[in-house]
Amino acid sequence: MDLFGKIAIATIVIIFILGVIFGAGLLLYHPVSKPLTSAQAEALVLKDIQQEYPNAVFSVISISRSNLTADSWNVVLNVVYNSTKACPEVMTEGFDYPAVTLVPSDEVLYASNCKVYGFGYAPDYVISQPYIAITRAYESGNASILNYIDGHGYNNTNAYASYYETGNSFLYSVGINSTDAWIIKYNATDTANVLYAAMGTNGTILATSVVNASNYTDSIN
């Protein structure tokens, strides 16, 4: 073999060795990332969206493998805006992460603009979460509720709801004897008077009562 051939072979060998070293370096400093687990995807979605919408309330409904890419997860959240006001906005949003990051791939609106969507078209509609109960109570047009909110101002009135399967001593003490009902509490910032409204799971207002908050203690918040 002539000198030129030997030099060519040596050059190829050197290039090969350098390529191996370079590839090993890439793996060392840039290791191949492992696919996200469902828990990691859930944590990342919640962290990112809470930073994007710090005043909203989020809870995870479900998490499953995404249909978009094999290494992504479909994280479905219940999202509530204006959660302490008389008309919360309630929706579910699905995120395929990391395939589509924080762009919702699916969105269903349940309550907005003081209206519960689908309520009037489903006679067997059952209210199953507190924020929808709050919106439905306002939407019902009950005079006691509207007068309280209008009298103290929408922005000055906070609203909370809890479900009670049976009555208790507190509810009886404020004049509410309803069972299997949502109890919505309206608490205006400019008065000591609190309005309690009992609403059936079908969205019907059953009773209302105004009491002085300084005389009672409840766990509705």
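The values are calculated or read from the model by the stated rules, or taken from the named source; none is laboratory data. No experiment lies behind these values; they were computed from the predicted model shown. Here Cβ is always computed from backbone atoms with ideal geometry, including for glycine, and neighbour counts include all displayed protein chains.
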Residues in the stretch 199-221 that are touching a helix residue (DSSP H, G or I) at 6+ places or on another chain (Cβ under 8 Å) and either of a type in the set (A, V, I, L, M) or modelled with pLDDT of 90 or more (or both) total 5
- Answer yes or no: is there a residue in the stretch 136-149 that is aromatic (Phe, Trp, Tyr), outside the structural domain of Gly200 (by TED's automatic domain parsing) and either at pLDDT 95 or above or more than 29 Å from Thr189 (Cβ to Cβ) (or both). no
Among the residues in the stretch 104-112, are any part of a strand (DSSP E or B) and at pLDDT below 90? yes
Restricting the stretch 60-70 to residues that are among the small types (Gly, Ala, Ser) and in a loop (DSSP other than H, G, I, E, B), the one surrounded by the fewest Cβ atoms within 10 Å (Cβ to Cβ) turns out to be Ala70
Across the stretch 53-104, the tally of residues that are among the aromatic types (Phe, Trp, Tyr) and within 15 Å of Glu42 (Cα to Cα) stands at 4
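Take the residues in the stretch 40-59 that are in contact (Cβ under 8 Å) with a residue 12 or more places away in the chain and assigned to a helix (DSSP H, G or I), then tell me which one is surrounded by the fewest Cβ atoms within 10 Å (Cβ to Cβ).
Start the filter on the stretch 40-59 by keeping residues that are in contact (Cβ under 8 Å) with a residue 12 or more places away in the chain, which leaves 41-42, 44-46, 48-49, 52-53, 55-59.
Checking which are assigned to a helix (DSSP H, G or I) leaves us with 41-42, 44-46, 48-49, 52.
On the way: Ala41: 22, Glu42: 18, Leu44: 18, Val45: 24, Leu46: 16, Asp48: 14, Ile49: 19, Glu52: 9.
The residue in question is Glu52.
A quick yes/no check of all residues on (1) of a type outside the set (D, E, K, R); (2) at pLDDT 90 or above; (3) more than 15 Å from the chain's Cα centre (by Cα):
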| residue | (1), (2), (3) |
| --- | --- |
| Ala70 | yes, no, yes |
| Val76 | yes, yes, no |
| Tyr81 | yes, yes, no |
| Lys85 | no, yes, yes |
| Glu93 | no, yes, no |
| Val100 | yes, no, yes |
| Cys114 | yes, yes, yes |
